[in-house]
């Protein structure tokens, strides 16, 4: 039997995201049908609100210091189906749909996690063939 979270340990309660000192939350985008992790980025309050309003994953670029909508240049928009928040409310999980044959990674890979660092041996990365 699945237990229900109580308000004491973060049950339904109130959405009150805890942004870090730079005003950011970590955001993890996963494929809503497969559960595959597609990418990890950051959101400020404005990006989070835009994502909710437009249902397109919108992030804050730390290097460019501006908002960006995933897919605005490639056409590979991440259509948001659900937003979840973790127990500490300092990280969001975006359950998204990627266009058929689309790529979430700027390299053209479906997922940004297309390489593996072996637990033994040198520091070389190995491409994952899925």
Looking for something surrounded by fewer than 18 Cβ atoms within 10 Å (Cβ to Cβ) and at pLDDT below 95 - is there at least one such residue anywhere in segment 44-54?
no
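Taking the criterion of being touching a helix residue (DSSP H, G or I) at 6+ places or on another chain (Cβ under 9 Å) and modelled with pLDDT of 90 or more, would at least one residue in segment 85-94 satisfy it?
Yes, segment 85-94 contains a residue that is touching a helix residue (DSSP H, G or I) at 6+ places or on another chain (Cβ under 9 Å) and modelled with pLDDT of 90 or more.
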Being more than 14 Å from the chain's Cα centre (by Cα) and closer than 19 Å to residue 81 by Cα is the filter; apply it to segment 18-43 and report the residue that is surrounded by the most Cβ atoms within 10 Å (Cβ to Cβ).
33
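The values are calculated or read from the model by the stated rules, or taken from the named source; none is laboratory data. These numbers come from a predicted model, not from an experiment. Note that each Cβ is placed from the backbone with ideal geometry, even for glycine, and that neighbours are counted across all protein chains shown.
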